[in-house]
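Shown next, in structure tokens, is the structure this report addresses.
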Amino acid sequence: MTAAAIVVLCTAPLAGRDEKPGAHELASTLVAESLCACVNVVPAVRSYFRWQGVVDTADELLLVIKTTAEAAVRLRERIVQLHPYDLPEVLELPIAGGLPGYLAWLVEAVPPRSP
């Protein structure tokens, strides 16, 4: 069962722009659409990065998204569609283990794609 569960990391701004959602709205939408079981929104992340040849910084929130490997592509596509950044961070990490009951709940909370 643990092979089916993954964590997706995604940073996002507190407030959205250009009619796109900020971090909290993004998290709520992903859960409401059953693309993930849970999203933790971690505040006060300061990101340092190189973008278009320039070193930059941004105050962001970190979304820690729990989902299934089967739903990862749908989740990634939806993040890209909703996210206010041109190139959002979307990193998928396998879950090596965890509390069996929690992992079972996670898998049950994210329905498989309909045939």
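Here are a few things to note about the model shown:
- Amide H contacts of ALA37: LYS66, THR67, each under 5 Å away and 5 or more positions distant or on a separate chain (H built 1.01 Å from N in the peptide plane; Pro and chain starts excluded).
- Pairwise label distance in nanometres, THR29 with GLN81, each label 7 Å out on the Cα-Cβ vector: 0.9 nm
- The chain: angle of helix 23-32 to the longest principal axis, Cα-based, in degrees nearest 10: 20 degrees
- Acute angle (nearest 10 degrees) that the helix 72-82 long axis makes with the longest principal axis of the chain, alpha-carbon atoms: 30 degrees
- The modelled label-to-label distance between VAL55 and ARG17, using points 7 Å beyond Cα along the C-beta direction, is 2.2 nm.
- Taking the fewest neighbouring Cβ atoms within 10 Å as the starting point, the ordered list for VAL7, VAL110 is VAL7, VAL110.
- Likely footprinting exposure, LYS20, LYS66, fewest C-beta neighbours within 10 Å first: LYS20, LYS66
- Taking the square roots of five times each eigenvalue of the Cα gyration tensor of region 1-81, the equivalent ellipsoid has semi-axes of 24, 15, 12 Å, listed largest first.
- Nearest 10 degrees, 0 to 90: helix 100-109 Cα axis against the chain principal axis: 70 degrees
- Taking the fewest neighbouring Cβ atoms within 10 Å as the starting point, the ordered list for LEU35, LEU82 is LEU82, LEU35.
- Note on ALA69/SER47: beta-carbon distance plugged into 1/(1 + (r/R0)^6) with R0 of 25 Å gives a FRET efficiency of 0.40.
- Separation of the GLU92 and CYS38 label points, Cα + 7 Å toward Cβ, nm: 2.1 nm
We did not get these values from a lab; they are worked out from the coordinates using the rules stated. Just so we're clear, the structure is a prediction, and the values are computed from it rather than from any experiment. Because the Cβ atoms are built from the backbone with ideal geometry, glycine has one as well, and the counts that use them run over all protein chains shown.
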